[in-house]
1. Restricting the search to segment 208-220, which residues are of a type in the set (S, T, Y) and either crowded, with 23+ Cβ neighbours inside 10 Å or out of contact with any Leu (no Cβ under 9 Å at 6 or more places or on another chain) (or both)?
2. Tell me which residues, restricted to segment 470-490, are open to solvent by 20 Å² or more (accessible area, probe 1.4 Å), in contact with a Leu (Cβ under 8 Å, 6 or more places away or on another chain) and either farther than 30 Å from A316 by Cβ or part of a helix (DSSP H, G or I) (or both).
3. Looking at (1) at pLDDT 95 or above; (2) assigned to a loop (DSSP other than H, G, I, E, B), find the lone condition where W213 falls short.
4. When you check G52 against the structure, is it under 25 Å from A275 (Cα atoms) and surrounded by fewer than 19 Cβ atoms within 10 Å (Cβ to Cβ), yes or no?
5. Out of the residues in segment 1-51 that are touching a Lys or Arg at 6+ places or on another chain (Cβ under 8 Å) and either assigned to a loop (DSSP other than H, G, I, E, B) or more than 23 Å from S61 (Cβ to Cβ) (or both), state the one that is modelled with the lowest pLDDT.
6. Has segment 32-49 got any residue that is without any contact (Cβ under 8 Å) to a residue 24 or more places away in the chain and aliphatic (A, V, I, L, M)?
7. What pairs come out if I take residues in segment 523-545 that are more than 24 Å from Y455 (Cβ to Cβ) and modelled with pLDDT under 95 and pair them with residues that are assigned to a helix (DSSP H, G or I) and of a type outside the set (V, I, T) whose C-beta lies under 8 Å away, six or more apart or interchain?
8. Which of the residues that make up segment 33-43 are buried (at least 23 other Cβ atoms within 10 Å of the Cβ) and closer than 26 Å to G278 by Cα?
Amino acid sequence: MSALNPRPIIWSIAGLDTAGGAGLSADQRAADALGVHLCPVAAALTAQHSQGVVAISPVDSAFLQAQLQALAQDLPPRAIKTGLLGSVQAIEQVAHWVDHWRTRTPAGTDPHRQLALIVDPVLGASSGGAAFSNDAIVQAYRQWLLPRATVLTPNRAEARRLLGLRASHDGATDDLPQTARDLQALGPRSVVITGGDGPSLQDASSTPYCLDWMLTPHAQGWLSAPRVDTPHTHGTGCTFASGIAAAWALGHVEADAIVLANMLTRHALLHGHAAGSGAGPVMAQAGFAAGPAQGGATLPWLGLGEEVPWRLTQTAPLFQPFTPPADGLYGILADGSQIEAALQAGLRCVQLRHKARQGLEAHLSQSLRSAQQAGAQLFINDHWQAALAPALHDDAVSDMPQGMRLGIHLGQEDLTALTPADRDTLLAAGRHVMLGLSSHSLWELARAAGCGASYIACGPIQPTTTKDMPWLPQGLDNLSWWIRHSPAPVVAIGGLLNAQDVAHVATCRPAAVCVVRGLGQTLNQMQAQVPALQKAAGPCATLSASESNAVAPPFTPTSLPSFSPLLPHPVLPPA
């Protein structure tokens, strides 16, 4: 670890669990798994074992203040995570220290970026026993912590209690989006209601899925993952909230931090162990982000709007599969004549990216004819309704030669703008077409996975001027992470202008490398450029669709400090 690049510091102000399962013990394991430095601050002492809490004693207010004052002199935090606080006085002290650090926010910048507050409202022990809270403590949460919270992470019962309702783990899942909005109205910038204490949703294969509802400035929706069947769940909520705090301290925005924390917590559940006669502790470990093939957690799926992820609705593939091109190249062209020239130059996977409506029909018709003649894969960008019409209704196109396959490509803005009727149309067309989806962040990757995309584009790999976007370059480290975690083939896109760029990216072995401006615009230019690009893309050409997310080279996070274990780097600047 370099002195110029120290580990981010987070404070956990929480309870001491004598059983070693929850509270500060779980927080420490989560912080270690993400490579941040945790300062454990005891707000309450408990006497408990694996079957319940025998007694609880809030730490004296003066001594809690002394702990925080000592840390402030030497170890300022990037984030504060709260767990069991135990008293109204402790809640007020946390609010005071949040205000203290946020007064140092530079003008015009985000106070939450100066200091994040992750609130895990521990209002009772899942194992039962001595009471953790009363009405005064709940009211103090509402008055002092919720208005300052960056992320609030209640379970279903805690969410209801914070709203003044009867605490319950039962009830329909459908009410959670409104519950989250009601909580957000009390002040938190983001809310995620965890579903571990709620009913499972079964997919068509009868696999039980756990559903969390996520509401953040960047993304909202059902975050789903297979439920872990284990009796050892002690410390689950603490691990999740601490994972969010640690990921935030590393620079990830809330939505991405929640995705990482979800993976961390499920991996910790898989590695829980017995300790005593009751529920044993969950065990957060650094390997949670290594990828499923290396024993890490699988990526959760994110739904669209208030719908569960499409992949939970049926067992069969939602869309036609994508076949990685034999030469490893995916050409993106602006009009029908360029599509025709690219196919004549030897490409067999192309995309028509014609942004204007004017002349679209002519360019689409020319592109379809050229792709049919070449037996190529053709994707239509954005104009999905126009693309689906010939795929579903034109006999000439439906009778296309073997090898000619049609797909549509959507950006995430287009995806989230679909109406319910649009979604029904798109899903009904899935048996005819492929679906490619863009992704720039972890939550967009999770959403593309949940939609059952035929391929997922990762970008921008390098800085690009093709379009104005807020995203930081992914680089080879994030591209490699995408490949290891995506359930669909990954194509690399953005800023790849020449054979050297393509060769650089091909070492990660994506399913294909997308080239836009580097192809040229005329047939002569393409015939001169394409052979070198194909040679550079050689490592991609050895992949099949089933292999593309399983054979990436060892993951080396070159854009992160060495202490950050196998994590992607943040994709949005800390503005």
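1. Of the residues in segment 208-220, the ones of a type in the set (S, T, Y) are 209, 216.
Of everything in segment 208-220, just one residue is of a type in the set (S, T, Y) and either crowded, with 23+ Cβ neighbours inside 10 Å or out of contact with any Leu (no Cβ under 9 Å at 6 or more places or on another chain) (or both), namely T216.
2. If the condition is that a residue be open to solvent by 20 Å² or more (accessible area, probe 1.4 Å), in contact with a Leu (Cβ under 8 Å, 6 or more places away or on another chain) and either farther than 30 Å from A316 by Cβ or part of a helix (DSSP H, G or I) (or both), then P470, W471, L472 are the ones that fit.
3. Going through the list (1) at pLDDT 95 or above; (2) assigned to a loop (DSSP other than H, G, I, E, B), W213 breaks only (2).
4. The answer is yes for G52.
5. Taking segment 1-51 and keeping what is touching a Lys or Arg at 6+ places or on another chain (Cβ under 8 Å), we get 1, 8-14, 27, 35-37.
Within this subset, residues satisfying the condition of being either assigned to a loop (DSSP other than H, G, I, E, B) or more than 23 Å from S61 (Cβ to Cβ) (or both) are 1, 8-9, 35-37.
Details: M1: 42, P8: 96, I9: 97, G35: 94, V36: 96, H37: 97.
Out of the qualifying residues, it is M1.
6. To start, the set of residues in segment 32-49 that are without any contact (Cβ under 8 Å) to a residue 24 or more places away in the chain comprises none.
Checked segment 32-49: no residue is without any contact (Cβ under 8 Å) to a residue 24 or more places away in the chain and aliphatic (A, V, I, L, M).
7. Listed by first residue and then by second, the contacts come to nothing, as the list is empty.
8. Those that are buried (at least 23 other Cβ atoms within 10 Å of the Cβ) and closer than 26 Å to G278 by Cα: A33, A43.
The values are calculated or read from the model by the stated rules, or taken from the named source; none is laboratory data. Model, not experiment: these values are computed from the prediction. Positions of Cβ are generated from backbone atoms using ideal geometry, with glycine treated the same way; all protein chains shown enter the neighbour counts. Heavy atoms of the whole protein, side chains included, go into the accessibility calculation; ligands, DNA and RNA do not. Shrake-Rupley method; radii C 1.70, N 1.55, O 1.52, S 1.80 Å.
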